[in-house]
Amino acid sequence: MKIIRTKNYDEMSKKAADIVLKKIKTSSFLSLGLATGSTPLGLYKHLIQDYLKSYTSYEYVTTFNLDEYVGLKPHHPDSYHSFMKKHLFHHLDIPTDQTHIPDGIAEDLKSECKRYEKVIQDAGGIDLQILGIGTNGHIGFNEPDTSFHSSTHVVSLADSTRKDNARFFKNPEEVPTHAITVGLKTIFNSKEILLLVSGKNKAPILKQLVEGNINESLPASILKKHNHVTIIADEDALSLLQP
Ligand code: F6R
């Protein structure tokens, strides 16, 4: 895993945007894996700024989001469908039918997971996957002890994840208990992976990831087996590691 050290969150976001934009500009077709949460917001802001200034087109980009809460309708303000529209898709020329997010209100959630996995595979897998990391080491919503061989599946969210994400909800009680997430095998099969890490609250898990072993108890540790992972981390996130 290559580590790029940045001064702060904005520099991390700009570096990530430069990598994503270069990839878009040099690919005839790009399958881009996307994350939600606080971490990629700066990256999305830079992509939108670039679009307004340089008109980089997303006509040949297809996106696959990592996850969606079970039980939230796409129009629910806290769904990841709403999040992505608000913070990215609405501002770009990406055709809506090229943006994919699991359906958290599907009647048959197991079939929805199979369908979503197949759409990713039919697109040839993910070319570039953007990831954030949970304070418990999750990537996507693959909580500790998820199998490294997992494909898209339904998860029961860890209490710590529900607490971490309560800040996005008006009423913390409303944080769903389950989600659909792309699995660890699917993430691992991405051709290239960019893990963004920012803030002091991520310093302990980043230290554990970099210095610890590869183990299913730390889902993100699967990334250590991949040969094209770049971590872009700011000084706060790297503060517990040797410079
Ligand atoms: C969300 C996702 C999660 C987040 C992680 C960090 O789509 O995949 O793994 O990346 O929970 O969240 P933030 O960025 O809010 O700290």
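Quick notes on this structure:
- Residues being in contact (Cβ under 8 Å) with a residue 40 or more places away in the chain, over 19 Å from ASN201 (Cβ atoms) and either outside any loop (DSSP other than H, G, I, E, B) or within 16 Å of the ligand (Cβ to nearest atom) (or both) - total across region 104-139: 13
- Any chance ILE222 is touching a Lys or Arg at 6+ places or on another chain (Cβ under 9 Å) and not acidic (Asp, Glu): yes
- Per-region count, region 118-144, residues of a type in the set (Val, Ile, Thr) and within 10 Å of the chain's Cα centre (by Cα): 3
- Among the numbered conditions (1) within 21 Å of ILE139 (Cβ to Cβ); (2) of a type in the set (A, V, I, L, M); (3) surrounded by 20 or more Cβ atoms within 10 Å (Cβ to Cβ), the only one that ILE94 does not meet is (1).
- Condition check for SER156: touching a Cys at 6+ places or on another chain (Cβ under 9 Å) and more than 12 Å from the ligand (Cβ to nearest atom): no
- Within region 144-176, if we keep just the residues that are surrounded by fewer than 18 Cβ atoms within 10 Å (Cβ to Cβ) and in contact with a Leu (Cβ under 6 Å, 6 or more places away or on another chain), the residue that is farthest from GLU107 (Cα to Cα) turns out to be PHE148.
- Residue within region 47-66 that is farther than 18 Å from ASN165 by Cβ, of a type in the set (S, T, N, Q) and surrounded by 20 or more Cβ atoms within 10 Å (Cβ to Cβ) present: yes
- In summary, strands (runs of 3 or more DSSP E) completely within region 26-83 and bearing 2 or more residues that are hydroxyl-bearing (Ser, Thr, Tyr) and modelled with pLDDT of 95 or more occur at 61-65.
- Hits in region 161-173 (condition: more than 10 Å from the ligand (Cβ to nearest atom) and of a type outside the set (Asp, Glu)): ARG162, LYS163, ALA166, PHE169, LYS170, ASN171, PRO172
- Of ILE222, ILE231, ILE214, ILE187, all but one fail to be over 19 Å from LEU30 (Cα atoms) and either assigned to a loop (DSSP other than H, G, I, E, B) or within 12 Å of the ligand (Cβ to nearest atom) (or both); the exception is ILE214.
- Test: THR6 is under 28 Å from ILE180 (Cα atoms), of a type in the set (Ser, Thr, Tyr) and either within 16 Å of the ligand (Cβ to nearest atom) or modelled with pLDDT of 95 or more (or both): no
- Test result for PHE148, under 23 Å from PHE188 (Cβ atoms) and away from the ligand (no atom under 11 Å from the Cβ): yes
- Residue, surrounded by the most Cβ atoms within 10 Å (Cβ to Cβ), within region 192-218, restricted to residues that are closer than 16 Å to ILE130 by Cβ and not hydroxyl-bearing (Ser, Thr, Tyr): LEU196
The values are calculated or read from the model by the stated rules, or taken from the named source; none is laboratory data. Computed from a prediction, not measured in an experiment: that's the story for all the values here. Using ideal geometry, Cβ is built from the backbone for each residue, glycine included, and neighbour counts are taken over all protein chains shown.
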